[in-house]
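The values are calculated or read from the model by the stated rules, or taken from the named source; none is laboratory data. Since we're looking at a predicted model, the values are computed, not measured. Cβ atoms come from the backbone with ideal geometry, glycine included; neighbour counts cover every protein chain shown.
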Amino acid sequence: MKRYTILYALTLCLVLSSCGTQKFSIGETSGQTISTDKRKMVHLFWGFIPIGKKQSFPAVNNAKGYTITTKYNVVDFIVSYFTGGIVGMKSVKFEALK
């Protein structure tokens, strides 16, 4: 019985976790895409300490607008859940628009 309770609780956590997307637009966003950069950002201690590559994106000189999309999916949730939030990750996509 206890085994089913734990399994039920883990399933409930996965189902109720918010796997969301945030999209930020800067400038004109109705143009053609000039460049795209995708990264998986990893951080420690609930986002306080970044790990890996520099966390900035390259600026494009002739861009009239930018779109930044941040995604938090199931894999990111599972990593964060089993480490108690000490290690977290999210996917970030940067688009420069003409």
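Pull up the stretch 31-49, narrow it to residues that are in contact (Cβ under 8 Å) with a residue 24 or more places away in the chain and not in a strand (DSSP E or B), then point me to the one that is surrounded by the most Cβ atoms within 10 Å (Cβ to Cβ). Going through the qualifying residues, I end up with GLY31. So is THR70 at pLDDT 70 or above, surrounded by 14 or more Cβ atoms within 10 Å (Cβ to Cβ) and under 20 Å from the mean Cα position of the chain (by Cα) or not? Yes: the conditions hold for THR70.
Each residue in the stretch 14-29 was checked for being modelled with pLDDT of 75 or more, over 18 Å from ASN73 (Cα atoms) and not in a strand (DSSP E or B), and 1 of them qualify. When residues in the stretch 63-98 are screened for being under 24 Å from SER25 (Cα atoms), small (Gly, Ala, Ser) and assigned to a strand (DSSP E or B), 3 of them pass.
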